[in-house]
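A.B. asks: Got a structure for you, written out below as structure tokens; questions coming shortly.
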Amino acid sequence: MVRKGTLNSAVGLVATICLLSSCSSTNGVKERNPGNGGVKPTTAGSDKVESISLTIRHTQVKDTQKKRLVMLQEVVKATESNVPGLSITLDGVEDKVNRFDKLRSEMAAGNPPEIFDLFGGTDTKDYVKANRLLELTPILNELGLMDKFTNFNEFTVNGKIYGIPMAGYVEGLYYNKRILADQHIQPPQTWDELLAAAETLKSRKITPFALAAKDSWVINMMINTMWVRTAGSDSVEGFLDGSRHWTDPDVVDAFNKYNVLVKKGYLQDGSLALAYAEQQNKFSSGEAAFMFDGSWSNTPLVDPEKSTIVNDVGFMSFPNMGGPGDGYINGGWSNAYGFSKKVTPAQLVAIKEFIRQMYNEPMQKRQLMEEGMPPAMKLEDTSNVNPVIKEILNVFANSKGTFPAFDSRIQTKVREKLERGMQELIGGRTDPVSLMKEIQKQQEASNKEEAHTK
């Protein structure tokens, strides 16, 4: 699994718009090719039918997301069939490029696509403040969907909804059941048990934790959960309002504990040179016992063509660490489709049909069955899902509570400094106390900057 100061400050960091070099056309659905200016819409039927064009920015561009892309393509076909004269172009962009570069530039210029992948929390609030997002509350009421979703919290600003979640997510600890059984290790329930397991595994030439740290956001998934364990689920809100500090002992405690994993050699060798996919490759090949990741990564793990551990994958909440955040889990509904406020009445009709086709019980069940995506909508039937997905859903449902990913709330400059700092920690170029002092300094500066723009 993608995750901020005001829009003005965020956009100041972006100098260029990143584009994919090419997108292929599959299943008869048009994919934009920036090299030729995209596919031009054509008038359907007679000359009396109004020609309507929409662009959908999606992030289903990885090899592991092919099934998800096929579902979107089928929704596009159905939408076009039900709206005379409609032509939809799919614009595929890698999720981080879309979120942190391309969409921000487009929002600053006031020309986002009509439909786009939108991240919740601060991103959504910034774009609402900039008056770029279409309010969806009346549309959801009109289509009878308001009560069909688990919640819209991350996309609600001043009581109005601006994004429709596609699926939920939860982050936790994947583990290899066979490795643990062969080494006579029980799934660890506490931090001390996790350390003991890691030491046993390392002594027997087994990598305890798969980790790819070149993509810095990957590192911050596990440390986010760790500092919530030690400092509480409200810690990020405390950083933002000044009631908590990154230098507080219970926060530093989590980073000290993470540094133990680094110093003891429990993390994958050479992780700073490895992209995110290498983390999953290490785990799915049976070469590592644990991997902290999101529910979105289950698909390749249970694919026999990509994984040698299909029947050995387990999923659990991160072990307790003795703090107020024990039992809470990073989970929610952070990814959605958002819609440009600058749409014509005809485009709005097409958007409503897209929503009808995308958000319904069969499509949500299909996403759950084929991709292991926790549903954003309340499903009546969750039978016959993969056992690993069942474990993920059970962990989600049985947690003490959930908290959002820190980067959906924290300012961009703080996130970026923490990402670089964690890479430096893994590389031995800083220590937890020094790092937290630097992060706190940036937090105070970002809080002050944000207060001046309100």
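A.B. asks: State which residue is most open to solvent (accessible area, probe 1.4 Å) when the search covers only the range 195-234 and only residues that are outside any helix (DSSP H, G or I) and hydroxyl-bearing (Ser, Thr, Tyr).
C.D. replies: 233
A.B. asks: Answer yes if at least one residue in the range 241-249 is open to solvent by less than 10 Å² (accessible area, probe 1.4 Å) and either modelled with pLDDT under 95 or under 15 Å from residue 323 (Cα atoms) (or both), and no otherwise.
C.D. replies: Within the range 241-249, none of the residues are open to solvent by less than 10 Å² (accessible area, probe 1.4 Å) and either modelled with pLDDT under 95 or under 15 Å from residue 323 (Cα atoms) (or both).
A.B. asks: Can you find a residue in the range 383-402 that is at pLDDT 90 or above and in a strand (DSSP E or B)?
C.D. replies: yes
A.B. asks: Continuing with this model, one more query. Within the range 326-337, can you find the residues that are among the hydrophobic types (A, V, I, L, M, F, W, C), at pLDDT 95 or above and either farther than 16 Å from residue 391 by Cα or not in a strand (DSSP E or B) (or both)?
C.D. replies: The one that is among the hydrophobic types (A, V, I, L, M, F, W, C), at pLDDT 95 or above and either farther than 16 Å from residue 391 by Cα or not in a strand (DSSP E or B) (or both): 336.
A.B. asks: Of everything in the range 387-426, what is aliphatic (A, V, I, L, M) and open to solvent by 10 Å² or more (accessible area, probe 1.4 Å)? Give them in sequence order.
C.D. replies: The answer is 393, 395, 397, 426.
A.B. asks: Could you grab me the full set of residues in the range 267-283 that are open to solvent by 10 Å² or more (accessible area, probe 1.4 Å) and over 17 Å from residue 202 (Cα atoms)?
C.D. replies: Matches in the range 267-283: 272, 273, 274, 275, 276, 277, 278, 280, 281.
A.B. asks: Considering only the range 77-98, state which residues are charged (D, E, K, R) and either in contact with a Lys or Arg (Cβ under 7 Å, 6 or more places away or on another chain) or open to solvent by less than 10 Å² (accessible area, probe 1.4 Å) (or both).
C.D. replies: The answer is 91, and nothing else.
A.B. asks: Could you look through the range 134-156, keep only residues that are open to solvent by less than 30 Å² (accessible area, probe 1.4 Å) and under 20 Å from the mean Cα position of the chain (by Cα), and pick out the one that is nearest to residue 364 (Cα to Cα)?
C.D. replies: The qualifying residue nearest to residue 364 (Cα to Cα) is 149.
A.B. asks: Shifting gears a bit: With the condition kept exactly as written, say whether any residue in the range 363-370 is part of a loop (DSSP other than H, G, I, E, B) and acidic (Asp, Glu).
C.D. replies: Within the range 363-370, none of the residues are part of a loop (DSSP other than H, G, I, E, B) and acidic (Asp, Glu).
A.B. asks: Among (1) of a type in the set (Ser, Thr, Tyr); (2) part of a helix (DSSP H, G or I); (3) surrounded by fewer than 15 Cβ atoms within 10 Å (Cβ to Cβ), there is one condition residue 446 misses while meeting the rest; what is its number?
C.D. replies: With (1) of a type in the set (Ser, Thr, Tyr); (2) part of a helix (DSSP H, G or I); (3) surrounded by fewer than 15 Cβ atoms within 10 Å (Cβ to Cβ) applied to residue 446, the lone miss is (3).
A.B. asks: Right, something else. Anything in the range 64-115 that is modelled with pLDDT of 95 or more and part of a loop (DSSP other than H, G, I, E, B)? List them, or say none.
C.D. replies: Selection gives 83, 84, 85, 93, 110, 111, 112, 113, 114.
A.B. asks: So for the range 182-194 (the condition being part of a helix (DSSP H, G or I), surrounded by 14 or more Cβ atoms within 10 Å (Cβ to Cβ), in contact with a helix residue (DSSP H, G or I) (Cβ under 9 Å, 6 or more places away or on another chain) and among the acidic types (Asp, Glu)), does at least one residue qualify?
C.D. replies: No, the range 182-194 has no match at all.
A.B. asks: Turning to a different aspect of this structure: Quick test of your reading of the structure: residue 352 fulfils all but one of (1) closer than 30 Å to residue 302 by Cβ; (2) open to solvent by 10 Å² or more (accessible area, probe 1.4 Å). Name the failing condition by number.
C.D. replies: Every condition holds for residue 352 apart from (1).
A.B. asks: Of the residues 418, 425, which single one is touching a Pro at 6+ places or on another chain (Cβ under 9 Å) and of a type outside the set (Lys, Arg)?
C.D. replies: 425
A.B. asks: Take residue 257 and decide whether it is exposed (fewer than 15 other Cβ atoms within 10 Å of the Cβ), modelled with pLDDT of 95 or more and on the phi < 0 side of the Ramachandran plot.
C.D. replies: no
The values are calculated or read from the model by the stated rules, or taken from the named source; none is laboratory data. Just so it is clear, the structure is predicted and the values come from calculations on it, not from any experiment. Because the Cβ atoms are built from the backbone with ideal geometry, glycine has one as well, and the counts that use them run over all protein chains shown. What goes into the accessible areas is simple: the full protein's heavy atoms, side chains included, and nothing from ligands, DNA or RNA. Shrake-Rupley method; radii C 1.70, N 1.55, O 1.52, S 1.80 Å.
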